[in-house]
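Below you'll find the structure, written out as structure tokens, and then a few comments.
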Amino acid sequence: MTMTDTTIRPFEVHVPEEDLADLRRRVAATQWPEKETVADQSQGVPLAMIQELARYWGTGYDWRTCEAALNALPQFITEIDELDIHFIHVRSQHEDALPLIVNHGWPGSIIEQLKIIGPLTDPTAHGASAADAFHLVIPSMPGYGFSGKPTTTGWGPERMGRAWAELMPRLGYTRYVAQGGDWGAFVVDQMGLQAPEGLLAIHTNMPCTVPADVDKAAQAGDPPPAGLSAEERRAYEQLIRTYGQVEYAKMMAARPQTLYGIADSPVGLAAWLLDHNDAGGQPAAAVTSALDRTTSATGELTRDEVLDNITLYWLTNTGVSASRLYWEYKLGFFNVKGVSIPVAASVFPGEQYQAPRSWAERAYPNLIYYNQVDKGGHFAAWEQPQLFTEEVRAAFRTLR
């Protein structure tokens with residue numbers, strides 16, 4: 001019998017300079033294909049876009065800034081189910097703060113969540129009330145970032161949910177809430193299904209609400225079922241669009257090990273991580289639009305932040321290991337999962353589909369909060385951190 005070491009070990013990031021030099025050499029040595037033969041982005045990430053990003057990545061970008069930001073935060077590693085789990089753990093100065101575990105997705109990482117840490121743990125310094133304070137736990141999913149890479153099958157959202165239910169009590173939390181978007185939304189739905197002792201509620205910014213008949217029709221590309229409201233019909237049309245733009249997901253779900261190119265070429269990895277869809281287009285408009293934004297006074301996504309995330313994947317060689325999550329997952333995506341514990345849902349306009357309230361109320365019979373936000377997208381914490389933190393505060397306010 002294997003004994004698990006429950007020790008919580010401090011962690012810091014220290015990337016050897018030779019690894020950064022190797023990254024720059026590889027970027028400079030990229031073998032480029034010819035320009036796309038269309039005037040739009042229908043063939044993928046345009047040559048000019050990725051070449052400009054590569055030029056800056058190889059000559060102007062500084063990983064050390066991101067590294068310093070990470071090391072300014074309390075980071076730890078602990079073993080759960082025979083795998084090392086990396087996480088950020090920031091306790092609020094307000095002792096009665098509500099413990100919250102925040103889950104990232106693909107092609108994201110803990111980098112997505114960095115801008116929400118201050119506002120959620122120290123709300124009085126950001127114009128909010130002490131009653132809105134959270135103790136934050138932000139884990140790197142297995143196969144992502146600084147967490148261990150599974151060497152056996154089975155690490156899907158279900159197992160991650162069970163792992164987080166072990167992590168939170170290990171940190172001394174007997175009551176807590178959970179939040180997730182993208183893959184993190186599937187993790188928190190699974191946590192909701194498992195309903196571990198101490199989990200009070202979940203908040204999702206990618207609600208899984210699609211009724212079975214609607215989901216079946218959308219997967220097949222059929223006309224919408226009869227009787228849908230105007231809002232439900234709009235959501236159905238968004239699902240049709242989304243299911244027609246997930247080539248990257250199908251590849252990772254079927255053949256993740258074949259993606260050797262993203263482990264060998266930094267530019268190949270960058271293009272692969274950019275070429276996921278959102279409501280604004282494919283490649284993801286919210287991310288590609290940030291490539292022209294060098295600074296932001298309002299927290300919008302910037303070029304350096306996009307490169308921080310891509311560089312984290314490169315330095316940890318997690319392009320392929322992260323992709324295996326798609327292969328592991330055998331359940332439906334936006335379909336109803338059967339969660340009965342309290343659920344809060346925030347619907348952002350740039351999401352894969354905008355879940356109607358009618359569907360959310362049926363999917364989550366214990367719906368404690370629902371709100372449609374007027375801006376923001378699939379990676380809401382990354383793209384609109386101020387709005388996102390306002391949603392998290394509102395979502396769990398009734399549980400205080």
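The values are calculated or read from the model by the stated rules, or taken from the named source; none is laboratory data. What you see is a predicted model, and the numbers here were worked out from it, not measured in a lab. Here the Cβ positions follow ideal geometry from the backbone for every residue, glycine too, while neighbour counts run over all protein chains shown. These area figures cover heavy atoms from the full protein model, side chains too; ligands, DNA and RNA do not enter into them. Shrake-Rupley method; radii C 1.70, N 1.55, O 1.52, S 1.80 Å.
Based solely on C-alpha atoms, express the radius of gyration and the Dmax of the stretch 246-388 in angstrom.
17.0, 47
Compare the peptides 215-222, 131-138, 184-191, 294-301 by average per-residue count of other Cβ atoms within 10 angstrom and give them in order, highest first. Provide the component values of the computation, followed by the final result.
Values: 215-222: 15.5, 131-138: 23.4, 184-191: 27.5, 294-301: 12.9.
Result, highest mean first: 184-191, 131-138, 215-222, 294-301.
Carbon and sulfur atoms: what percent of the 1.4 Å accessible area of the stretch 145-289 do they account for? Could you put the intermediate results ahead of the total?
Values: 2960 of 5510 Å².
Carbon and sulfur atoms account for 54 percent of the accessible area of the stretch 145-289.
What number comes out for the charge environment of Asp264, summing +1 per Lys or Arg and -1 per Asp or Glu over other residues with Cβ under 14 Å away?
Details: positive: Arg25, Arg26; negative: Asp22.
Within the 14 Å Cβ shell, the charges total +1.
For the stretch 131-137, in order, what is each residue's ³J(HN,Hα) by Karplus, 6.51 cos²θ - 1.76 cosθ + 1.60 with θ = phi - 60°, in whole Hz (x at glycine and Pro)?
Running phi through 6.51 cos²θ - 1.76 cosθ + 1.60 with θ = phi - 60° gives 5, 9, 7, 10, 8, 9, 10 Hz.
Would you mind working out the magnitude of the charge dipole of the chain relative to its Cα centre, with +1 at each Lys and Arg C-beta and -1 at each Asp and Glu C-beta, to the nearest 20 Debye? Before the final figure, lay out the partial values.
Values: 31 positive and 48 negative charges, 100 e Å.
The calculated dipole for the chain is roughly 480 debye.
Is the stretch 244-290 rounded, prolate or oblate when judged by the Cα gyration tensor, a ≥ b ≥ c being the square roots of its eigenvalues, rounded requiring a/c under 1.5 and prolate requiring a/b larger than b/c? Write out the running numbers ahead of the final one.
Values: a/c = 4.34, a/b = 1.35, b/c = 3.21.
Oblate, because a/c is 1.5 or more while a/b does not exceed b/c.
Determine the share of the stretch 40-107's accessible area contributed by carbon and sulfur atoms, expressed in whole percent, with a 1.4 angstrom probe. Working shown, then result.
Working: 1350 of 2720 Å².
For the stretch 40-107, the apolar C and S fraction of the accessible surface comes to 50 percent.
Quick one: grab the alpha carbon gyration tensor of the stretch 280-327, order the square roots of its eigenvalues as a ≥ b ≥ c, and give me rounded if a/c is under 1.5, else prolate or oblate depending on whether a/b is larger than b/c.
Details: a/c = 3.10, a/b = 1.65, b/c = 1.87.
Oblate, because a/c is 1.5 or more while a/b does not exceed b/c.
Looking only at Cα atoms, what is the convex hull volume of the chain per residue, in Å³? Can you show the working numbers first?
On the way: hull volume 57.8 nm³, N = 400.
Hull volume over Cα atoms, normalised by residue count, gives 145 Å³.
Let a ≥ b ≥ c be the square roots of the eigenvalues of the Cα gyration tensor of the stretch 144-280; is it rounded (a/c under 1.5), or, if not, prolate (a/b larger than b/c) or oblate?
Values: a/c = 2.31, a/b = 1.13, b/c = 2.04.
Since a/c reaches 1.5 but b/c is at least a/b, the shape of the stretch 144-280 is classed as oblate.
Could you compute the FRET efficiency for Ala125 and Arg357, with r as their C-beta to C-beta distance and R0 at 41 Å, rounded to 0.05? Don't jump to the answer; show the numbers that get you there.
Working: r = 34 Å, r/R0 = 0.82.
My answer for the efficiency is 0.75.
Return, ordered by residue number, the residues of the stretch 49-91 whose backbone nitrogen is under 13 Å from a label point located 7 Å along Cα→Cβ of Thr6.
In the stretch 49-91, the label zone of Thr6 (backbone N under 13 Å from the point 7 Å along Cα→Cβ) covers 79-81.
Nearest 500 deg cm²/dmol is fine: what mean residue ellipticity at 222 nm does the chain get from its DSSP H runs of n ≥ 4 alone, each adding -39,500 (n - 2.57), divided by its residue count? Walk me through the numbers before you get to the answer.
Working: 17 runs with 163 residues, N = 400.
Only helices count here, giving -12000 deg cm²/dmol.
Which log10 I(q)/I(0) values does the stretch 294-378 give at q = 0.13, 0.14, 0.26 Å⁻¹ under the Debye formula, counting every alpha carbon as one identical point scatterer?
For the stretch 294-378 at q = 0.13, 0.14, 0.26 Å⁻¹, log10 I(q)/I(0) is -0.70, -0.79, -1.15.
So which GluC sites (Glu not before Pro) in the stretch 25-113 are both in a DSSP loop and have at most 14 other Cβ atoms within 10 Å of their Cβ? Mind dumping the intermediate values first?
Values: sites: Glu34, Glu36, Glu52, Glu67, Glu79, Glu82, Glu95, Glu112; in loops: Glu34, Glu36, Glu82, Glu95.
Here the sparse-neighbourhood loop sites are Glu34, Glu82, Glu95.
Within a Cβ distance under 15 Å of Lys149, other residues only, what is the Lys/Arg minus Asp/Glu net charge? Spell out each step's value before the answer.
Working: positive: Arg159, Arg324; negative: Glu79, Asp81, Glu82, Asp84, Glu328.
Within the 15 Å Cβ shell, the charges total -3.
Going by Cα centres, the stretch 82-105 and the stretch 152-211 are how many Å apart?
If you average the Cα positions of each part, the centres end up 13 Å apart.
Please list, in order, the residues from the stretch 55-86 whose amide nitrogen is less than 19 Å from a point placed 7 Å along the Cα→Cβ vector of Thr152.
From the stretch 55-86, the list is 79-85.
In square angstrom, what is the accessible area per residue of the stretch 150-195 with a 1.4 angstrom probe?
I get 31 Å² per residue for the stretch 150-195.
Between the stretch 338-400 and the stretch 7-36, what is the C-alpha centre distance in whole Å?
35 Å
Label-point separation (nm) for Ala28 and Arg64, each offset 7 Å from Cα along Cα-to-Cβ?
In this crude label model, Ala28 to Arg64 measures out at 1.8 nm.
What is the sum of charges, Lys and Arg at +1 and Asp and Glu at -1, for the other residues whose Cβ falls under 13 Å from the Cβ of Ala201? Each step should come with its number before you reach the end.
Values: positive: Arg175, Arg397, Arg400; negative: Asp189.
Residues near Ala201 contribute +2 overall.
So what is the accessible area of the stretch 1-109 per residue, in Å², with the probe set to 1.4 Å? Intermediate values should be presented prior to the final figure.
Values: 5890 Å² over 109 residues.
With all protein chains present, the stretch 1-109 gives 54 Å² per residue.
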